[in-house]
Structure formats: C-alpha cells, structure tokens
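Trainee: Okay, here's the structure, questions in a sec.
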Amino acid sequence: MTMDKTIGSAAEAVADIGDGAGIAVGGFGLCGVPETLIRAVHASGATNLRVVSNNCGVDDRGLGILLGAGRIARVTGSYVGENKEFARQYLAGELEVELVPQGTLAERLRAGGVGVPAFYTPAGVGTQIGDGGLPWRYGPDGSVAVASPPKEVRVFDGRDYILETAIVCDFALVRAERGDRYGNLAFARSARNFNPVVGMAGRITIAEVEHLVDALDPDEVDLPGIFVQRVLPLTPEQAADKPVERRTVAAGRTS
C-alpha cells in the first residue's frame, strides 16, 4: 500500500464528482480558492451541485464559473459578496441559499470534520437565523417559497443558545501553498481562514498544491494528511494565477 496521494491531472482528481454532489470549497473572497479544481468540475459537466463555501466567488472566477453555467442548485455560505449573478439567481428563485453567520459556518465545518454532530452558539439568537423565516428560496413572483426552520433553543447560565448542526460534504476542494505526497498541507495567510476546516469536512478531500515537497515539517502542518485523499501538484502557471477581487491603491498613487 502506497501513501503517495498525488494525482496526475485535475480531470482525474474530480472524475467521481457527479450530478447532485455536495462540495465544500475553500477560500476567502478570491484568496486561497481552488481555481484549477473548480474549472475541472466545470469541464466535467457535473450539475445540480450543493455547495458549501464562505462565498461564491465573483462573476467569472472561483465558484462564479459554476454558478454562471447554472451548475449549482444550492449554496450554504456567509455572504453574497461581489457576485451579481449570485444575487440575481437567488432573488429570481433559481438558486437556494442558506446564509450562515461566518463563525458559525466555520464551526459547522470543523464539527463535521471531528465528528461532533451539533453544537450550541449564541450567534443568531433573536434573529431569523434562530427564529426561522430566513428566505432560502424565492418564488418567481418574489414570494418566499422555502424559508429556514426555527432552531432549537437552550439556556446555559441564563443565556439563550441555538443548536447548529455539523456540515459534512461528499467532497471538499482546497488550495494549499505547500503540501507533501502524504496529504499534509500548509496554507498561507488569509487562505488559512477557511481551507483547513473545509478540508476536514469532506468525505473525500482534494487539494491543489502550489509547491509539492517530499515531506512537510510537522510544525508547519495546518491540515494533517489523514483528512486529505488526493493531492494535485499545480504547474507554475496555475500556481501563479491569483486574481485580486477588488484592487485598490492609496490616494494619489497608481497601481
């Protein structure tokens, strides 16, 4: 039995992601987004996907590629962001969207990875997150076709908390700055925000890696290889492809 988890191509890495699959996707804005794997899923033709991600990219990058092609049926995320097509599909009733507080989303993914089925949190108490009624899907006429259900409430030390369930997906797609053949991964800066917990939440986790090394130092590991089943080494061109969501410069300066 070999422990080498490297795989030869992006198409091979995502070949078993079929219609209706649940996919957790790493990244924060456009930082740390597994662009190469997302494009491979697009090329595969998989549709009716159920996506869990902090956001859904922009109109032509990240998950926006799948969204624009009509391949995503449901999104669980924390905000719409800069993606106008995301907003349009949601308000038109073409897309089901579960909006989750950002910290709660991260903890639901982490809980799924460590086998905790649910947890209590004060985030969302007294809002539609806890009370229910948050629009998940709109009807063509703008009415609420599907609304979020109320969540269980318990009191601890005199304070209300709501019950949130863990998230486990069929697949997880992440992007790491460095990784080794055993699946151990290290993420850079803001890419460390969601990629580690996303990688924990997939039954099959696929990592695209900018720099493949023989073995990471244990002190450098952000996500242990036990959570990762496939490692795709990126080409230098793929590794250098890092779009900026919104480029800004200081007043009086040019980029």
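The values are calculated or read from the model by the stated rules, or taken from the named source; none is laboratory data. Bear in mind that the values here come from a model prediction, so they are computed numbers and not experimental data. Cβ placement follows ideal geometry from the backbone for every residue including glycine, while neighbour counts extend to all protein chains displayed. Note: accessible area is taken over every heavy atom of the protein model, side chains too, but ligands, DNA and RNA are not part of it. Shrake-Rupley method; radii C 1.70, N 1.55, O 1.52, S 1.80 Å.
Trainee: Short version: ³J(HN,Hα) in whole Hz for each residue of the range 139-156, in order, from phi by Karplus 6.51 cos²θ - 1.76 cosθ + 1.60 (θ = phi - 60°), x for Gly and Pro, what are they?
Mentor: After applying 6.51 cos²θ - 1.76 cosθ + 1.60, I find x, x, 8, x, 6, 7, 7, 9, 10, 5, x, x, 9, 4, 10, 10, 9, 10 Hz.
Trainee: Also: Once you charge only the Cβ atoms, +1 for Lys and Arg and -1 for Asp and Glu, what is the size of the charge dipole of the chain about its Cα centre, to the nearest 20 debye? Don't jump to the answer; show the numbers that get you there.
Mentor: Working: 25 positive and 32 negative charges, 76 e Å.
Here the size comes out at about 360 debye.
Trainee: If I take every Cα pair under 8 Å that is 6 or more residues apart in the range 102-158, average their sequence separation and divide by the length, what percent do I get for the relative contact order? Before the final figure, lay out the partial values.
Mentor: Numbers: 50 pairs, mean separation 14.0, N = 57.
Contact order relative to length: 24 percent.
Trainee: Where both partners of a DSSP beta bridge lie in the range 9-87, what percent of those bridges are antiparallel, to the nearest 5? Don't skip to the end; give the middle numbers.
Mentor: Numbers: 2 of 9 bridges.
Here the antiparallel bridges make up roughly 20 percent for the range 9-87.
Trainee: Given C-alpha coordinates of the range 1-150, what is the ratio Rg to Rh with the Kirkwood estimate of Rh? Please report the intermediate quantities before stating the final value.
Mentor: On the way: Rg = 16.4 Å, Rh = 16.5 Å.
Ratio of gyration radius to Kirkwood radius for the range 1-150: 1.00.
Trainee: Express the relative contact order of the chain as a whole percentage, based on alpha carbon pairs under 8 Å and six or more residues apart in sequence. Mind dumping the intermediate values first?
Mentor: Numbers: 613 pairs, mean separation 53.7, N = 255.
This gives 21 percent for the chain.
Trainee: Also: Among the aspartates and glutamates, select those whose C-alpha is under 18 Å from the C-alpha of residue 151, and discard any that sit fewer than 8 residues away in the same chain.
Mentor: Result set, ordered by chain and number: 98, 107, 131, 160, 164.
Trainee: Of all beta bridges DSSP finds with both residues in the chain, what is the antiparallel percent, to the nearest 5? Could the numbers behind the result be given before it?
Mentor: Values: 16 of 45 bridges.
Looking only at bridges with both residues in the chain, the antiparallel portion is about 35 percent.
Trainee: Moving on to the next point. Connecting C-alpha atoms closer than 10 Å in a GNM of the chain, tell me which of 40, 215, 240 has the biggest fluctuation.
Mentor: 240
Trainee: If you don't mind, there's one more thing I want to ask. Given Cα pairs under 8 Å that are at least 6 residues apart, what percent is the relative contact order of the range 33-81? Mind dumping the intermediate values first?
Mentor: Working: 64 pairs, mean separation 21.3, N = 49.
Reported as a whole number, the value is 44 percent.
Trainee: Residues of the range 96-144: accessible area per residue at 1.4 Å, in Å²? Mind dumping the intermediate values first?
Mentor: Details: 2200 Å² over 49 residues.
Ligands and nucleic acids excluded, the figure is 45 Å² per residue.
Trainee: Quick one: pull the percent of accessible area on the chain belonging to carbon and sulfur, 1.4 Å probe, ligands and nucleic acids left out. Intermediate results must be reported in sequence, preceding the final value.
Mentor: Numbers: 6130 of 11990 Å².
C and S atoms contribute 51 percent here.
Trainee: Over the chain, what lengths in whole Å, largest first, do the semi-axes of the equivalent ellipsoid take, defined as the square roots of 5 times the eigenvalues of the alpha-carbon gyration tensor?
Mentor: On the way: eigenvalues 179, 102, 70 Å².
Largest first, the chain gives 30, 23, 19 Å.
Trainee: Need the list of aspartates and glutamates near residue 84 for cross-linking: C-alpha distance under 12 angstrom, and skip anything on the same chain fewer than eight residues off.
Mentor: 59, 60
Trainee: Cβ under 11 Å from residue 49's Cβ, residue 49 left aside: what net charge do those residues give with Lys, Arg +1 and Asp, Glu -1? Before the final figure, lay out the partial values.
Mentor: On the way: positive: 50, 71, 74; negative: 19, 170.
So the surrounding residues net to +1.
Trainee: At 222 nm, what helix-only mean residue ellipticity would the chain give, in deg cm²/dmol to the nearest 500, using -39500 (n - 2.57) for each DSSP H run of four or more?
Mentor: Numbers: 8 runs with 55 residues, N = 255.
It comes out at -5500 deg cm²/dmol, rounded to the nearest 500.
Trainee: Between 226, 204, 162, find the one with the highest GNM mean-square fluctuation for the chain; connect C-alpha pairs within less than 10 Å.
Mentor: Among 226, 204, 162, the largest GNM mean-square fluctuation belongs to 226.
Trainee: Given 186, 41, 102, which one lies farthest toward the positive end of the charge dipole of the chain, if we put +1 on the Cβ of every Lys and Arg and -1 on the Cβ of every Asp and Glu?
Mentor: 102
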